[in-house]
Amino acid sequence: MVERRKVLILGGTREARELATLLSADPRFFIVTSLAGATNQPAKIAGDVRRGGFGGADGLADYLTASHIDLLVDATHPFASTISQNAARACDNANVERLAIRRPPWFPVSGDRWINVSDVSEAAGRLSEVGSRIFLTIGRQEVDAFQVCQDTWFLIRTIDLPKKPFRLSSCEILSARGPFDVDAEMRLFREHGIEGVVAKNSGGSDTYAKITAARELRLPVVLIERPPVPVGPSVPDAEAAYAHLA
Ligand code: NAP
């Protein structure tokens with residue numbers, strides 16, 4: 001009997017779920033997907049699932065060794081840079097093979113009015129150029145960086161509602177999970193008198209509708225660029241990751 005390869009998928013993304021589905025159907029692999037545990041009701045995932053941090057790169061290296069992991073796939077979100085850096089260090093230290101799924105970023109097309117910034121602080125500093133009614137969709141963790149924008153009203157969309165109130169002077173919060181649709185995004189922007197959008201350059205199709213909607217309505221988008229990633233082998237999507245492993 002051929003021994004199955006044990007694969008740890010660092011997840012929290014569509015690509016991680018798609019790869020878990022592909023590998024779970026292949027008897028050559030045994031799959032565990034790891035989630036940070038930040039989302040209350042994560043989408044269903046094929047195979048085994050564990051939740052919660054490992055305790056930094058050293059904790060992850062210990063887990064890889066203790067769980068006899070043969071290969072780690074870093075399929076985390078492009079902005080989850082701490083776990084990607086930890087994964088690279090842990091795999092080096094535990095001598096485990098690593099593959100990353102790096103979803104391509106969005107590139108501007110004709111009609112886009114993008115203001116590219118390197119982080120949330122720079123985004124907050126540029127908002128006065130954009131308008132006073134802003135659609136903010138950057139997750140929950142970094143929203144408080146916009147408390148410096150005293151004269152701005154925010155419509156904030158996150159998957160789960162915040163655990164404690166955001167420290168913004170004026171905002172409304174929407175809880176919703178993608179994929180989103182262009183017509184619905186345009187309606188949302190019109191209903192709330194949105195003058196500009198702040199988003200992360202996450203790439204992928206699930207959250208691209210807001211970028212199209214902004215283009216259609218000629219609204220500026222303050223787009224936060226991605227943090228650097230560790231060097232190493234990477235593929236653009238789950239199918240390519242499966243082809244690489246299989
Ligand atoms: P992060 O800043 O890179 O990681 C913070 C800590 O969370 C890590 O040090 C690690 O804790 C733990 N962690 C992160 N991902 C984990 C995973 N897949 N399994 C186990 N522990 C994990 O990450 P983040 O930005 O908070 O994102 C958390 C998760 O949400 C990621 O898995 C990511 O794919 C997903 N996500 C993030 C975004 C985003 O915009 N950042 C958007 C959509 C989905 P220890 O050090 O204790 O191991």
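Any read-out appearing in this document is the output of simple, stated calculations on the displayed coordinates, not a laboratory observation. Source: prediction; values computed, not measured. Note: ideal-geometry Cβ built from the backbone for every residue, glycine included; neighbour counts use all protein chains shown.
Normalised by the residues of the chain, what does the relative contact order come to in percent, with Cα pairs under 8 Å and at least six apart?
Numbers: 457 pairs, mean separation 52.6, N = 246.
Taking the mean separation of contacting Cα pairs over the length of the chain, I get 21 percent.
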**Study point:** segment 221-231 - phi-based ³J(HN,Hα) in whole Hz, Karplus 6.51/-1.76/1.60, Gly and Pro as x
**Key:** 10, 8, 10, 7, 6, 6, x, x, 10, x, 6
Review point. Short version: ³J(HN,Hα) in whole Hz for each residue of segment 171-180, in order, from phi by Karplus 6.51 cos²θ - 1.76 cosθ + 1.60 (θ = phi - 60°), x for Gly and Pro, what are they?
Key: 7, 10, 10, 10, 10, 7, 10, x, x, 10
**Study point:** Range of Cα positions in segment 1-105 per principal axis (Å), largest first
**Key:** 40, 31, 27
Exercise for review: Give the total of Lys-Lys pairs in the chain with Cα-Cα distances below 27 Å; include a pair only if its members are 8 or more places apart or on different chains.
Suggested key: 10
**Study point:** Unit charges on C-beta of K, R, D, E only; dipole of the chain, Debye
**Key:** 340 debye
Practice item. Quick one: which residues, 5+ away or cross-chain, put their amide H under 5 Å from the amide H of E97? H built at 1.01 Å from N. Key: L72
Exercise for review: Among W106, V229, N116, pick out the residue whose Cα is farthest towards the positive end of the charge dipole of segment 90-246, where Lys and Arg carry +1 and Asp and Glu carry -1 on C-beta, about the Cα centre.
Suggested key: N116
Point to revise | Solution diffusion estimate, µm²/s, Stokes-Einstein, the chain, Kirkwood Rh from C-alpha pairs, 25 °C, viscosity 0.890 mPa s | key: 127 µm²/s
Check your understanding: Can you tell which of A145, Y242, G178 lies farthest toward the positive end of the dipole of the chain, using +1 and -1 charges on the Cβ of basic and acidic side chains (Lys, Arg; Asp, Glu)?
Key -> G178
Study note, to complete from the structure: Simple SL model, points at 7 angstrom along Cα→Cβ for E97 and D151; separation in nm is 5.8 nm
Point to revise | Per-residue ³J(HN,Hα) for segment 89-98, Karplus 6.51 cos²θ - 1.76 cosθ + 1.60, θ = phi - 60°, Hz, x for Gly and Pro | key: 5, 4, 5, 4, 5, 8, 6, 10, 5, 9
Exercise for review: Kindly state, to the nearest 0.05, the FRET efficiency for D48 paired with R28, given R0 = 22 Å and r defined as their beta-carbon distance.
Suggested key: 0.85
Check your understanding: Under 5 Å between amide H atoms, partner at least 5 residues away or on a different chain: which partners does S34 have, H built in plane at 1.01 Å?
Key -> I9, L10, G11, R50
Check your understanding: Any idea how far apart S110 and R5 come out in nm if each label point goes 7 Å out from Cα toward Cβ?
Key -> 4.5 nm
Check your understanding: Taking K and R as +1 and D and E as -1, what net charge do the other residues with C-beta under 15 Å from the C-beta of E225 add up to?
Key -> +1
**Study point:** Estimated 222 nm signal from helices in the chain, with DSSP H stretches of n ≥ 4 weighted -39500 (n - 2.57), rounded to 500
**Key:** -8000 deg cm²/dmol
Exercise for review: Hey, can you grab everything whose amide H is under 5 Å from the amide H of K200? Only 5+ residues off in sequence or another chain; H modelled, so Pro and N-termini drop out.
Suggested key: I224
**Study point:** Sorted by Cβ density within 10 Å, fewest first, the residues E216, E129, E185
**Key:** E129, E216, E185
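Within a Cβ distance under 13 Å of G59, other residues only, what is the Lys/Arg minus Asp/Glu net charge?
0
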